[in-house]
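Remarks on the structure that follows.
Read the figures in this text as sums done on the coordinates, not as results from a lab. In this text, all values refer to a predicted model and were calculated from it rather than measured experimentally. When we count neighbours, we look across all protein chains shown, and the Cβ atoms used for this are built from the backbone with ideal geometry, even at glycine.
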Amino acid sequence: MQMTQNIELQSSSAGQRRRQAIILAGGLGTRLRTVVNDLPKCMASVAGKPFLHYVIQHLQKQGVDKFIFALGYLSESIQAFLSTNYPLLNYQLSIEPEPLGTGGAIQLAAQKATEKNVIVVNGDTLFSVDLQQLYTEHFQYEAACTLCLKPMENFERYGAVELNDDNSVASFKEKQFYPKGYINGGVYALNVETFLQEGLPQKFSFEKDYLDKKINQQQLFGLVQDKYFIDIGIPEDFERAQKEFENFAI
């Protein structure tokens, strides 16, 4: 599809190992409350469709054929959307009994995984990465977790990620102004067994309590992909998405 910049939604090659994705879809969307009321962030309408629709479509185009939806806030609206619009989709639901943080949500959902490695994405972000390359790098590194990184310039909304020469993660930098750098795009390849053996608490932040603290203990790697990226978590980017997704086509 053509937008302000090209959004590449490439089909995956046939014959690859089965791909399963965890979609984090339990966000409250407090910063979008002025434009989206009483809906999870991922259900915000963008160009006439819930944003979650575009996330699912991209993952399917990339060869994902099994899904786990990590739900929380107003999960009923997502369940109704899936049952109505994706009756043939191979999916499971992982519903938080209370907010567990990003890490707790992933940990709960990962217990339902049927693949040894899964893709993890945010339901309110579209980063049109090449999953075949992500899988290739992830297995080559024998990584516990491989992060997809987006090159950016003149940014302060996100922290920066620094890599070593072998593409292992060297550090995570705090949010501040950076003239250029790599941001964590919120797309991961995750070794389920390794992750679940960590003995992490029920509630925790995946970014702060797993990634940050495991740099020197785990095999964490970064894959830089300069692909289309949008996070609708703030009103400005939500409005930008309305324009950029007008001509969305797969």
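Count of the range 136-150 residues, restricted to those that are exposed (fewer than 13 other Cβ atoms within 10 Å of the Cβ) and touching a residue at least 24 places away in the same chain (Cβ under 8 Å), is 1. Residue count for the range 186-199, restricted to those that are at negative phi and surrounded by 18 or more Cβ atoms within 10 Å (Cβ to Cβ): 7.
If we keep just the residues of the range 80-111 that are part of a helix (DSSP H, G or I) and more than 19 Å from the chain's Cα centre (by Cα), which is surrounded by the most Cβ atoms within 10 Å (Cβ to Cβ)?
Our first condition is that a residue be part of a helix (DSSP H, G or I); within the range 80-111, this holds for 80-85, 101-110.
From the residues that got through so far, the ones that are more than 19 Å from the chain's Cα centre (by Cα) too are 80-81, 83-85.
Details: A80: 11, F81: 19, S83: 11, T84: 8, N85: 13.
Out of the qualifying residues, it is F81.
Screening the candidates E76, E156, E115 for the property of being touching a Lys or Arg at 6+ places or on another chain (Cβ under 7 Å), free of Cβ contacts under 8 Å to residues at least 24 places away in the same chain and either of a type in the set (D, E) or closer than 27 Å to F238 by Cα (or both) yields one hit, E156.
Residue-by-condition table, conditions (1) within 29 Å of I95 (Cα to Cα); (2) not in a loop (DSSP other than H, G, I, E, B):
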position	(1), (2)
P151	no, yes
E174	no, no
Y188	yes, yes
F204	yes, no
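The numbered conditions (1) free of Cβ contacts under 8 Å to residues at least 60 places away in the same chain; (2) part of a loop (DSSP other than H, G, I, E, B); (3) more than 29 Å from P201 (Cα to Cα) are all true for V129 except (1).
Being surrounded by 19 or more Cβ atoms within 10 Å (Cβ to Cβ), out of contact with any helix residue (DSSP H, G or I) (no Cβ under 8 Å at 6 or more places or on another chain), β-branched (V, I, T) and in contact (Cβ under 8 Å) with a residue 24 or more places away in the chain narrows it down to one residue among I183, I230, I215; which is it?
Working: I230 fails: out of contact with any helix residue (DSSP H, G or I) (no Cβ under 8 Å at 6 or more places or on another chain); I215 fails: surrounded by 19 or more Cβ atoms within 10 Å (Cβ to Cβ).
I183 is the lone residue from the list that is surrounded by 19 or more Cβ atoms within 10 Å (Cβ to Cβ), out of contact with any helix residue (DSSP H, G or I) (no Cβ under 8 Å at 6 or more places or on another chain), β-branched (V, I, T) and in contact (Cβ under 8 Å) with a residue 24 or more places away in the chain.
Taking the criterion of being under 20 Å from Q132 (Cβ atoms) and polar (S, T, N, Q), the residues of the range 150-200 that qualify are N167, N191. With respect to (1) free of Cβ contacts under 8 Å to residues at least 24 places away in the same chain; (2) touching a strand residue (DSSP E or B) at 6+ places or on another chain (Cβ under 6 Å), the lone exception for Q197 is condition (2).
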